[in-house]
Structure formats: C-alpha cells, structure tokens
Amino acid sequence: MIPYLTYLFKAYTRTYRFIGPVCLFLITVFFLYAVEPNPVMSSYAITAVALFPVSAWFAFDIARMEQKAQEQISYLALGSLPVYLAGKIVIAWFLSICMTVVALVTPLILDVFSEPATPAMLAVAFVSHILVALAGIAAAACFSLLRKTSTAVGGLAIVLLLSASRGGMADSLSGGWKLLKWPFLPVYELSAVWFSDNLGRLSDAVTPLLGLLAYTVIYFLLYGGIARKRAF
C-alpha cells in the first residue's frame with residue numbers, strides 16, 4: 001500500500017494539477033484574514049466551506065490522472081479494487097489535511113482573532129475541516145466514474161453548490177419539494193452552527209457532524225458499488 005501511495009503522490013505532484021486548488025484555498029484564507037479582528041468559529045466555518053470544493057478538486061484530478069492502460073497496470077499490481085480506490089482517496093485526503101493545517105494555523109500566527117481560540121475550538125474546527133474535506137472527496141469520487149468529463153465536472157459542481165447551500169434551498173421550497181435537498185451533502189447545516197458563534201454549546205456540532213459523516217459513507221458506498229461493476 002505504501003509504495004502505491006508514494007507512486008500516486010509523486011505522479012500527481014508531477015502534473016502540477018495541485019497548483020489550482022492550492023492557490024484557490026490560499027487566496028481564500030489570506031483574503032479572509034486581511035481584515036481583522038475575526039470571530040473564531042465563523043472564520044473557520046468559511047475556510048471549511050472553502051475546503052469543500054478544493055478537496056473535491058484534488059480527488060477528481062487524482063481519480064482521473066491515469067490513462068486507461070496505466071489504471072489497469074496499477075490495479076493488477078495491487079490485486080485489490082478496494083485498495084486501488086482507497087489509495088486515491090487517501091492521497092486527496094492527505095492534501096486536504098495539509099490545507100486544513102494552513103487554515104487553522106494561519107490566523108493564530110497572524111493573531112487576527114477577536115478572542116482566544118481555545119483547544120476545544122481548534123479540535124472541533126479540525127474535525128469539521130477534515131470531515132468536510134472527506135465529503136468533498138466522496139462526491140468527486142462518484143462523479144469521476146462518469147466517462148464524459150464535461151458531464152462529470154458539471155454534475156460535481158452542481159452537487160457541491162447545492163450541498164453548500166442546502167439550508168437556503170430548503171427554505172425556498174415548500175411541501176414535498178423540500179425532499180429535493182436530501183440527496184445533497186449537509187455541509188450547510190454544519191457551517192450554520194459555526195456562523196451562529198454559539199461557542200458555549202460546542203455540542204451543537206455533534207448532530208451535523210454525524211449527519212455529514214453518514215452522508216459521506218453513503219457516497220463512498222455508492223462509489224465503491226459503481227466502481228466494482230465497472231472494474232477493468
């Protein structure tokens with residue numbers, strides 16, 4: 001597994017495709033903290049939501065960077081479809097965790113928060129970031145299986161957008177139309193907790209975190225099921 005992960009990481013970094021998502025995230029972070037002071041958790045909510053499409057970008061590029069022949073060679077060398085698929089997810093998540101560290105540490109170094117960031121805040125912010133990143137990776141993994149790139153990118157963009165605005169979409173709908181929000185990842189619900197800045201009740205984040213985790217698992221199961229049917 002380690003040699004495969006090393007191969008994927010080197011292959012991806014050699015393409016320089018990481019420059020786009022990395023620059024997008026860094027620009028978002030530094031623009032956010034260009035004006036101070038900033039509230040702790042709502043600031044981290046913004047960087048978490050920004051990480052959602054960035055992690056999806058990582059995952060989509062990694063999933064589709066190999067030619068068909070090279071994919072077959074990698075799969076045969078590993079001898080396991082789950083390991084083959086998991087390796088790409090792990091590399092995308094590793095890159096997303098690196099971006100998470102940047103998001104969490106930058107405001108601490110610049111000292112731009114309006115109040116001290118407690119260890120509990122930082123811990124919950126870290127978990128939120130890496131889970132949102134994993135959700136983005138799960139969505140990108142599913143759409144990476146579509147053969148037509150334009151369809152895959154368009155569909156992924158729609159899912160990312162509607163997942164990040166799920167609450168607003170539900171508010172604008174009525175009756176049975178509200179059910180339209182359920183296929184989309186509940187990223188909005190998690191970020192809404194932090195935008196409220198109700199820091200005396202960090203436990204309020206447990207339900208949206210678990211909800212997002214459940215959706216992420218479902219997306220990954222869908223990815224694995226479709227990939228198994230289409231395996232080489």
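So here's what we get for this one:
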item	result
Members of segment 110-128 that are within 20 Å of PHE31 (Cβ to Cβ) and not in a helix (DSSP H, G or I)	ASP111, VAL112, PHE113, SER114, ALA117
Flag for ALA50 being assigned to a helix (DSSP H, G or I) and closer than 19 Å to TYR7 by Cα	no
Meets criteria (modelled with pLDDT under 90 and either crowded, with 21+ Cβ neighbours inside 10 Å or not charged (D, E, K, R) (or both)) for PHE184	yes
Every residue from segment 203-223 that is surrounded by 16 or more Cβ atoms within 10 Å (Cβ to Cβ) and in contact (Cβ under 8 Å) with a residue 24 or more places away in the chain	ALA205, LEU209, LEU212, TYR215, THR216, TYR219, PHE220, TYR223
Any hit, segment 7-15, residues being closer than 24 Å to ALA164 by Cβ and not aromatic (Phe, Trp, Tyr)	no
Selection from segment 35-47 of residues that are farther than 22 Å from GLU189 by Cβ and modelled with pLDDT of 90 or more	none
Near pairs, Cβ below 7 angstrom, 6+ apart or cross-chain, from segment 114-125 (within 10 Å of MET41 (Cβ to Cβ)) to any residue that is of a type outside the set (A, V, I, L, M, F, W, C) and surrounded by 10 or more Cβ atoms within 10 Å (Cβ to Cβ)	ALA125/TYR44
Selection status of PHE30, over 19 Å from TYR223 (Cα atoms) and not aliphatic (A, V, I, L, M)	yes
Of all residues making up segment 143-179, the number that are at pLDDT 65 or above and either assigned to a helix (DSSP H, G or I) or more than 30 Å from GLU66 (Cα to Cα) (or both)	19
Residues satisfying the stated conditions in segment 61-82, i.e. surrounded by 14 or more Cβ atoms within 10 Å (Cβ to Cβ) and not hydroxyl-bearing (Ser, Thr, Tyr)	ASP61, ILE62, ALA63, ARG64, MET65, GLU66, GLU71, LEU78, LEU81
Subset of segment 64-75 (residues that are of a type outside the set (Gly, Ala, Ser), touching a residue at least 12 places away in the same chain (Cβ under 8 Å) and assigned to a helix (DSSP H, G or I))	GLU71, GLN72, TYR75
Count of residues meeting criterion [under 18 Å from the mean Cα position of the chain (by Cα) and crowded, with 16+ Cβ neighbours inside 10 Å] in segment 27-39	2
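Conditions (1) of a type in the set (Phe, Trp, Tyr); (2) in contact (Cβ under 8 Å) with a residue 24 or more places away in the chain; (3) surrounded by 12 or more Cβ atoms within 10 Å (Cβ to Cβ), marked per residue:
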{"site": "LYS10", "(1), (2), (3)": "no, no, no"}
{"site": "PHE18", "(1), (2), (3)": "yes, yes, yes"}
{"site": "CYS23", "(1), (2), (3)": "no, no, no"}
{"site": "MET41", "(1), (2), (3)": "no, yes, yes"}
{"site": "ILE91", "(1), (2), (3)": "no, yes, yes"}
{"site": "ALA103", "(1), (2), (3)": "no, yes, yes"}
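The values are calculated or read from the model by the stated rules, or taken from the named source; none is laboratory data. Source: prediction; values computed, not measured. No Cβ is skipped: glycine too gets one built from the backbone with ideal geometry, and neighbour counts run over all protein chains shown.
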